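The structure under discussion appears below in the form of C-alpha cells.
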Amino acid sequence: MIVGVVSFDSKYKELLQAQEEIELAPLFDKVNEDHNTPVELEALLLDGKAVSYDKLSFIREVYPEIPIFYKMHNISSHVRTINIERICSGHRITPIHENYTMEQVVSDMCSKLFGSDTFSSKRIVSFFGTHSGAGVSTTTMNVGKAIADRVHEKVLVLSLNAWDPADYFTEYKGAYLNDLKLDLKSQNLTQAKLGESLHQYQNLYHLAGNRDIKLQRYYTNKEIAHLIDVAKEMFDLILIDGGTHFDTACATQAYVSSNLRFVVTNQDDKGYRGYFPHVFQQLIEPAGGKRSDFMLILNRFQTNMSLINEKDLESELDMNRIATIPDMDILGSMALRQKKFLYDLADTKYKRGVDTICNLIISEGELTEKPLEEEGRKQKGWFGLFGKKAGVS
C-alpha cells in the first residue's frame with residue numbers, strides 16, 4: 001500500500017515504511033492547492049502541525065475515496081476538539097488524538113487499515129479514579145500483590161499519578177518517577193537503570209510515582225511511553241495507577257497503552273455526579289474514549305440506605321461493574337501503619353472482591369497460575385467448607 005504523509009517530521013515516513021504492509025510512504029511538507037494531478041495514494045496521514053483543519057475539505061475533494069487520518073495538534077479546549085472531530089466526521093476523515101506519540105499514531109493508523117494489533121496490550125492494565133480519594137492506589141497495589149502471589153510471571157506496579165507517589169504501602173526503598181525524569185527526557189532509560197530504581201516487596205515490583213510538585217504537569221507523552229516500553233521488556237504484567245487527572249501525559253499513556261481499563265469509585269456523590277461526568281465529557285469522550293472502555297470497581301462499599309446502591313451507581317456512570325470491594329473501616333488504616341497489604345489482613349469478603357478483578361486480569365493476560373500449595377492457599381470446596389468427611393482421604 002502507498003501511504004502519503006503531510007508533515008514536517010520525516011520520522012513518520014520511516015515508521016510507516018517499517019510496516020510490512022506499506023510499500024511506499026511519500027512525504028510532503030504542505031498541501032499544494034495548485035496541484036491539479038494528485039499523487040496516486042491509497043491512504044493519507046495528515047499531521048496537524050503542517051495541515052490546518054480548514055484544509056480538510058479540500059484534501060477530501062482531491063482524494064475522495066481513500067482513508068484519511070488527521071493527527072490533531074495544539075487544541076486549546078475540549079469544545080474545539082469536539083468541533084474538529086465533527087469536521088473530520090463530515091469529511092469521512094479519522095481523527096487521531098494529539099496526545100498520541102508518533103509511534104502510537106502509526107500503530108493506530110495501521111490497526112485501522114490492516115486490522116493489525118495496536119500498541120495497547122492485554123498485559124498492561126490501567127486503573128483510574130472518578131475523584132481523589134476513591135482508592136485507586138490502594139486497589140492497584142492490592143490487586144498487584146494478590147496477582148504476584150498467584151502467577152509465575154513477573155508483575156510490576158507503575159504509579160503514574162503525578163499527584164500521589166503511592167509509596168506508603170510498604171517500607172519503600174526504590175526511586176521515584178521524578179528521579180528518572182532526565183533519563184526519560186533523553187530517551188535513555190535502560191532496563192538496568194529501571195531495575196535499580198524499583199522496590200521489591202515479596203513477589204511484587206513497584207515504581208513509586210512523582211513527588212516533585214514542580215513536575216506534576218511536565219511529563220510528556222514521549223517520556224511516559226518510553227518508560228512503559230522499557231518496563232514491557234522486563235515484566236510480563238504491568239498494572240498502572242493512572243490517578244484521576246485525565247489531562248496529563250501520565251494518564252493519557254496509561255489509557256492508550258492498556259487493553260484493560262478499570263475505573264475505581266465509591267459512594268461519594270462528588271465522584272459519580274460531580275467530577276467524573278465532567279472529565280468524561282470534556283476529556284475522555286473528545287479523545288475517542290467510550291464508557292464501554294472501562295470496567296467499574298466499587299470500592300469501600302457500605303450497605304446503607306442513605307448511600308447509593310450498586311445498581312444505581314452502575315446506572316449513573318453507565319458502566320458495567322466487575323467487582324464490589326467492601327469497606328474495611330479501621331483495618332485499612334491499620335494496614336498502612338503496619339506497612340502490610342490490606343489483602344493480607346482483610347476477611348474473605350474483601351479478598352473475594354479483589355480476587356474477582358485478579359481472575360479477569362489473569363484470564364485476559366493468559367497468565368500461568370502457580371499450584372495452590374505453592375502459593376500457600378488452601379483448597380476450598382464442599383469439604384473445605386464443612387470439614388472433612390469421615391472415611392474420605
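What follows is calculated from the coordinates using simple rules that are stated; it is not laboratory data. If you're wondering where the values come from, they're calculated on a predicted model, not measured in any experiment. No Cβ is skipped: glycine too gets one built from the backbone with ideal geometry, and neighbour counts run over all protein chains shown.
The table for this structure:
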| read-out | value |
| --- | --- |
| Hits in the stretch 305-353 (condition: hydroxyl-bearing (Ser, Thr, Tyr), under 27 Å from the mean Cα position of the chain (by Cα) and over 27 Å from residue 281 (Cα atoms)) | 343, 350 |
| The one condition in (1) touching a strand residue (DSSP E or B) at 6+ places or on another chain (Cβ under 9 Å); (2) among the charged types (D, E, K, R); (3) at positive phi that residue 318 fails to fulfil | (1) |
| Subset of the stretch 144-163 [surrounded by fewer than 19 Cβ atoms within 10 Å (Cβ to Cβ) and within 22 Å of residue 217 (Cα to Cα)] | 163 |
| Residue within the stretch 41-56 that is without any contact (Cβ under 8 Å) to a residue 24 or more places away in the chain, more than 22 Å from residue 112 (Cα to Cα) and part of a helix (DSSP H, G or I) present | yes |
| Boolean, residue 85 is assigned to a helix (DSSP H, G or I) and under 28 Å from residue 225 (Cα atoms) | yes |
